[in-house]
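K.L.:
I'd like to ask you about the structure that follows.
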Amino acid sequence: MELQTIWGWQPALYLFLGGMGAGAFIMAAVLYLIDQERHAKIVCASMWASAICLGVGLLLLLSELTQPVRGLMMWQSFSHFTSWMTYGAWGAFGAIAVFGLSAVLAVGEVGRRLSRNAKQARLLVRARKVLAVVGIALGLFVAVYTGMLLMMAPGVPLWNTPLLPCLFAVSGVDTGVALVEVVAVALAKKDQLASRASMLMEAIVVALVTLECIVLGVLLLPLLGGEGSATAATAAQSAQLLATGSLAPLFWGLVVGCGLALPLVVSLMGLLKHKGGANGLMALGAAGALVGGCVLRFLILAAGIHADVVGETVMKMIG
């Protein structure tokens, strides 16, 4: 079984960075909406990280285009509003604009300059809340679209399913939460993070990892027994590459073990203590989630074998 080679490392990194950036903004926005003051530094740094991740990811994706410069002229290149590519491009553009503006407004000095009196301060808070809500919606769209980008590629049974956008969306938010955890640990002044933020993120990680395991299982398990048509046989080959084939050590070791099991165990340990995990443990779980989320994109791309639908159709016509 040959691995897919049409899509290179740049799209794989975009799928990872785009989803992670979207997820990081969602988590940062939730922290901001919960408490506008307590997590200010974490929110600010996380929003900058989310904008940078999405921006770098989009540049990597543009580098795969035949004419990258035309991709930057969105009003000309993406004006066909019956195409999901157009919606995805404008959604990503809107997301990076909202992420960037939110990051700028989160900087303490900018906030102080824009809040010279009580009325201006209220307007700033209201504007940031609106941007947070809009950014959450755009972040969810970007996270889902990273999977839709593959789902729309014709002739690849592993990708041609709505479960793939679901998987990438959940994984994107999961890796985004992990990025915010890394930021929080880096900015923490004490041995323990603020209990409320720590407990919230760990509870979210448990829910996301559980959901990701379910989606991954529902995606792959039915494909393993596929037989009959060329499409079903190709889907089975893709699933076997991940489960028992040449990609299995990376899949089970880095995606399942490092990216799912490790963060789940660390988060459960923190929740059982009723005060959040220690900084070192949280950083370890977050690092595992980031590694697993990145490797997942590369493996899904590599296992995306093209089905010989034309050959099957010709054989049916001859028969």
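The values are calculated or read from the model by the stated rules, or taken from the named source; none is laboratory data. Note that the coordinates shown come from a computational prediction; the quantities given were computed from them, not determined experimentally. When we count neighbours, we look across all protein chains shown, and the Cβ atoms used for this are built from the backbone with ideal geometry, even at glycine. Please note that ligands, DNA and RNA were not included when accessible areas were found on the heavy atoms of the full protein model with its side chains. Shrake-Rupley method; radii C 1.70, N 1.55, O 1.52, S 1.80 Å.
K.L.:
For region 146-181, name all the residues that are in contact with a Gly (Cβ under 6 Å, 6 or more places away or on another chain), assigned to a helix (DSSP H, G or I) and under 17 Å from residue 304 (Cβ atoms).
P.N.:
146, 164, 165, 168, 171
K.L.:
If you don't mind, another one. Could you check how many residues of region 212-249 are farther than 22 Å from residue 19 by Cβ, of a type outside the set (Val, Ile, Thr) and not in a helix (DSSP H, G or I)?
P.N.:
Number of matching residues: 7.
K.L.:
Continuing with this model, one more query. Give me a count of the residues in region 36-55 that are touching a residue at least 40 places away in the same chain (Cβ under 8 Å) and either under 19 Å from residue 175 (Cβ atoms) or among the acidic types (Asp, Glu) (or both).
P.N.:
Matching residues across region 36-55 total 12.
K.L.:
Could you list all residues from region 213-223 that are open to solvent by 60 Å² or more (accessible area, probe 1.4 Å) and either in contact with a helix residue (DSSP H, G or I) (Cβ under 8 Å, 6 or more places away or on another chain) or over 29 Å from residue 30 (Cα atoms) (or both)?
P.N.:
Residues of region 213-223 open to solvent by 60 Å² or more (accessible area, probe 1.4 Å): 213-214, 218, 221-222.
Result: 213, 218, 221, 222.
K.L.:
Considering every residue within region 119-126, establish whether at least one is open to solvent by 10 Å² or more (accessible area, probe 1.4 Å), touching a residue at least 12 places away in the same chain (Cβ under 8 Å), farther than 28 Å from residue 296 by Cα and not acidic (Asp, Glu).
P.N.:
Within region 119-126 (the criterion being open to solvent by 10 Å² or more (accessible area, probe 1.4 Å), touching a residue at least 12 places away in the same chain (Cβ under 8 Å), farther than 28 Å from residue 296 by Cα and not acidic (Asp, Glu)), the answer is yes, since at least one residue qualifies.
K.L.:
Would you confirm, using the coordinates I've provided, whether residue 109 is modelled with pLDDT under 95, touching a Pro at 6+ places or on another chain (Cβ under 8 Å) and not hydrophobic (A, V, I, L, M, F, W, C)?
P.N.:
The answer is no for residue 109.
K.L.:
Quick test for you: out of 175, 231, 210, 244, pick the one residue that is hydroxyl-bearing (Ser, Thr, Tyr), open to solvent by 30 Å² or more (accessible area, probe 1.4 Å) and modelled with pLDDT of 95 or more.
P.N.:
The match here is 210.
K.L.:
Which ones in region 232-268 are closer than 17 Å to residue 210 by Cβ and either in contact with a His (Cβ under 8 Å, 6 or more places away or on another chain) or aliphatic (A, V, I, L, M) (or both)?
P.N.:
Selection gives 255, 256, 260, 261, 262, 264, 265, 266, 268.
K.L.:
In the set 22, 89, 40, which member is at pLDDT 95 or above and surrounded by 15 or more Cβ atoms within 10 Å (Cβ to Cβ)?
P.N.:
On the way: 89 fails: at pLDDT 95 or above; 40 fails: at pLDDT 95 or above.
Residue meeting the stated conditions: 22.
K.L.:
In region 105-118, what count of residues is obtained for those that are outside any helix (DSSP H, G or I) and either of a type in the set (S, T, N, Q) or without any contact (Cβ under 8 Å) to a residue 12 or more places away in the chain (or both)?
P.N.:
Residues flagged as outside any helix (DSSP H, G or I) and either of a type in the set (S, T, N, Q) or without any contact (Cβ under 8 Å) to a residue 12 or more places away in the chain (or both) within region 105-118 amount to 3.
K.L.:
Among the residues of region 122-174, how many are under 12 Å from the mean Cα position of the chain (by Cα), closer than 16 Å to residue 96 by Cα and of a type in the set (Gly, Ala, Ser)?
P.N.:
Of the residues in that region, 3 qualify.
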